[in-house]
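Here, each number is a calculation from the coordinates, and none is a lab measurement. For clarity, every value in this text was computed on a predicted model and none was experimentally measured. No Cβ is skipped: glycine too gets one built from the backbone with ideal geometry, and neighbour counts run over all protein chains shown.
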Amino acid sequence: MDFLLLGLQQLADPAVFLTMCIGAILGVVVGAIPGAGAAVTISILLPTTFSMDPLNGMTLLLGVYCGAAYGSAIPAVMINTPGSPVAVLTALEAKPFVDRGEARRAMSLAYSSSFVGGVLAVLALMVLTLPLANIARHFGSAEFAMVAIAALVLVIVGHGGRRVEATAALAFGLFLATIGIETAYSTQRYTFGLLSLGGGIPLVPMVIGLFAMSEALIQLTARAQPQPVVQLRGHFFQGFMEVFRYKRTLYGSSFFGIFCGILPGVGEFLAQQVSYVVAKRFSPEGHLFGKGAPEGIIVSEATNNAVPPAALIPMLALGIPGEELTAMMLAVFLVHNVIPGPDLFANRPEFVAGLYWTLLLMNVVIILFLLVATNAIAKAALINKRFLGVAILTLSLIGTYASGYRFSDVGIAMVFAVLGYVLRAHRWPLTPILLGVVMGPIVEGRMRQALGGANGDLTIFVSRPISAIMVAALALLIVFTFRGWIKRRNAREDWQINDT
Amino acid sequence: MSEEPEIRANRLESLALSILFAAISTGLLALIGVATKANAKGGWWTQPWLMPAIALGILAIANLITLWREVCDLRATPPTTQEKVEGWTALLGWLRPLEFLTYYGLYIYAIQHAGYFPSTLVFILFLLWRVGLTAPRWTLAGLGLSVFMIGVFRIGLGVWMPVPDLYRLFPEAMQTALIRWF
């Protein structure tokens, strides 16, 4: 109880409250603009949060993260343009609503189910993180190494249809993480004598180049598109209570989103796709899915919004980021010397409790904002893509430069911008690169510690019970994935991750 | 995260990309003896080359598999003349982002000599003109964006910028204000 009261005390700080509101509103707006989105915004904002208090910095980024999940529904419904891959299903289901003149109903169904999914996920975060952290207290290096490796394997498995590309991207990220001076013997690795690479590839310029600048280049080089029409007719509050008529779908998809959020490497898109297929199969109105079924919107939005708070569970409890946005946020933790993991609850309880409450209140702030500003945000979604590209490119400079006050960092960002542009154009996934960079030092450090304790004996990973269970689970996962691939090798897989 | 880019993957273009990636990854792997050092004292698990070797090994294998798939696909269905032409066009399309990055490089150079605000304003207005947004409302929007950048980052967040040569030409009283705010 004292722990939660401590969090409320943090929330009483006007700076935290203001940052939360700014982050949430900004998140909704950028989430509604196709081509902007959470990854671009968080990567640009990342360096500005380094000078903030850790709770303020995290609140701002989480506001963008959660707000964008809500905002992505706006263009999907009102201009039938999914702003991100996670809005594709919402756009598909909302189209018949719009055609029937019930756009407001679709919008309110999306908001309401997003709210339920988001709030349930925050409650899960509050309930599950501490017990998981307590379990993790008994972990040794072998277990942490296996958790990190499991996260990497899940990243690959999660990219169904693009697993070879995801493996290459992940390995590239792991390689990038090794560049610089390594810690065991202080020798240089792949620096080729360049002093500037001694500290390794700086994370922020890499993230901005890969996610923000490459997006800007795509917008700048894209052909002009005809302007879609905003449609918002019907009764706005019609769908707010309607979601509770589909309790099984609503809660089922929310809990599935939470489950997938906890699993590293799965992410919103895969969670949503699986949840949609399952709901369609088991719903009595399954035949209406894809033809304007309220349940279709509920599944899509509740699952999508349940993932971001749940993704914080492994990050806070184990220090393992599950997807690209939490991986970016890990940088904020590390800059402020806040080490996520089991000890975080003992060392910084006020920070964790403050984070819980801000996340919970954030959902309320976002819903209230959406109630008054949906029309205006829909107009923002119509922003000219080329102008957006110019804006992102200009903002990228300040983001990159402010991270270390070095113009050389901008050069690094430019290299990654070209790489990101080419990879996006060929639909190669970018997320595994970032996860590889972030997870590389964790994997290497923990593996060295574990093997060092066992004098290089690899059986350390199967002689400890928790580690052995993880090894067995991973082996089964790999075997089943490989078996599935063999079965389908002549047929193209239906669902593919596209997080580029 | 984004809309589908304009450039559609052409098989020959993908092949070129796969060759490039496979060559880079195997090249980096081949350099492991030069780019990392072995240490005789420690155990195998502490060797500095171990992690890069694992990462590059996986990378090289994955890239070679991709390359092999591309080659098999092209062998099974040889490219048409049109596809070949499109492939070259697609490869030339890689130069398009480089054009914008050249402007970006010039912008960075200009910041150090002409100052953040003037360079940003010129960069934004030039890019808008370059991408065909030439109507007066876009010029106004560009001006608004420049003022926004100054307001948020220089004045609001106090992001420091090096003192440019241009500002030194102004009287001292103005110099201070220009250096601090613009």
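Calculated mean residue ellipticity at 222 nm for chain B: -22000 deg cm²/dmol, from DSSP H runs with n ≥ 4 weighted as -39500 (n - 2.57), summed, divided by the residue count and rounded to 500. Length available on full extension from B:Leu166 to B:His113: 0.36 nm per residue minus the Cα-Cα distance, which gives 18.5 nm.
Rounded, prolate or oblate, given the Cα gyration tensor of segment A:296-402, with a/c below 1.5 counting as rounded? Please list the in-between numbers first.
Details: a/c = 2.16, a/b = 1.36, b/c = 1.59.
It is oblate, given that a/c is not under 1.5 and a/b is not larger than b/c.
Taking other Cβ within 10 Å of each residue's Cβ, how do A:Ile469, A:Ile433 sort, fewest first? Show your work: numbers first, answer last.
Numbers: A:Ile469 13, A:Ile433 29.
If I rank by nearby Cβ atoms, fewest first, I get A:Ile469, A:Ile433.
The mean number of partner chain beta-carbon atoms within 10 angstrom of a residue's beta-carbon across peptide A:381-390 is 4.
Taking every full run of DSSP H in chain B, the ones that stretch at least 15 Å from end to end by Cα along their long axis and average 0.5 or higher on the Kyte-Doolittle scale are B:11-30, B:50-76, B:116-130, B:136-149. Cross-link pairs exceeding 24 Å in C-alpha to C-alpha distance, out of A:Lys247/A:Lys280; A:Lys385/B:Lys84; A:Lys247/A:Lys291, comprise A:Lys385/B:Lys84. Label separation (A:Arg137 vs B:Leu91): 6.2 nm, computed from points 7 Å beyond Cα along the C-beta direction. Of the chymotrypsin sites (Phe, Trp or Tyr not before Pro) found in segment A:352-458, those that fall in a DSSP loop while having at most 12 other beta-carbon atoms within 10 Å are A:Tyr405.
Go ahead and run the numbers for FRET between A:Asp13 and A:Asp343, Cβ-Cβ distance against an R0 of 22 Å, rounding to 0.05. E between A:Asp13 and A:Asp343, to the nearest 0.05, is 0.35. For chain A, the mean residue ellipticity at 222 nm estimated from helices alone is -23500 deg cm²/dmol, where every DSSP H run of n ≥ 4 contributes -39500 (n - 2.57) and the total is divided by all residues, rounded to the nearest 500.
If you take the Cα centroid of segment A:22-73 and the Cα centroid of segment B:116-176, the two points sit 24 Å apart.
Over all pairs of different C-alpha atoms in segment B:140-182, the reciprocal of the mean inverse distance, the Kirkwood hydrodynamic radius, equals 11.1 Å.
The lysines whose alpha-carbon is closer than 24 Å to the alpha-carbon of A:Lys379, local same-chain residues fewer than 8 away aside, are A:Lys95. The Cα center of segment A:322-391 and the Cα center of segment A:162-176 differ in position by 27 Å. Projection of the Cα convex hull of the protein assembly as shown, averaged over all directions and equal to a quarter of that hull's surface, yields 31.7 nm². Each label point was placed 7 Å from the Cα along the Cα-to-Cβ direction; for B:Lys37 and A:Leu476 their separation is 4.6 nm. Sorted ascending by nearby beta carbons within 10 Å, beginning with the fewest, A:Cys66, A:Cys21 become A:Cys21, A:Cys66. Hey, with R₀ at 45 Å, roughly what FRET efficiency would A:Phe282 and B:Phe148 work out to, going by the Cβ-Cβ distance, to 0.05? The value I calculate is 0.35.
Residues A:Thr481, B:Thr102, A:Thr394 in ascending order of nearby Cβ atoms (within 10 Å, fewest first): B:Thr102, A:Thr481, A:Thr394.
Take each residue of peptide B:33-46, count the partner chain Cβ atoms within 10 Å of its Cβ, and average: the result is 4. On the beta carbon distance between A:Ile181 and B:Trp181, with R0 = 45 Å, the FRET formula returns roughly 0.70. Oblate is the label for chain B. Its Cα gyration tensor axes, ordered a ≥ b ≥ c, give a/c of at least 1.5 and b/c at or above a/b.
Between B:Met174 and B:Cys72, the modelled labels are 7.0 nm apart [label points 7 Å from Cα along Cα→Cβ].
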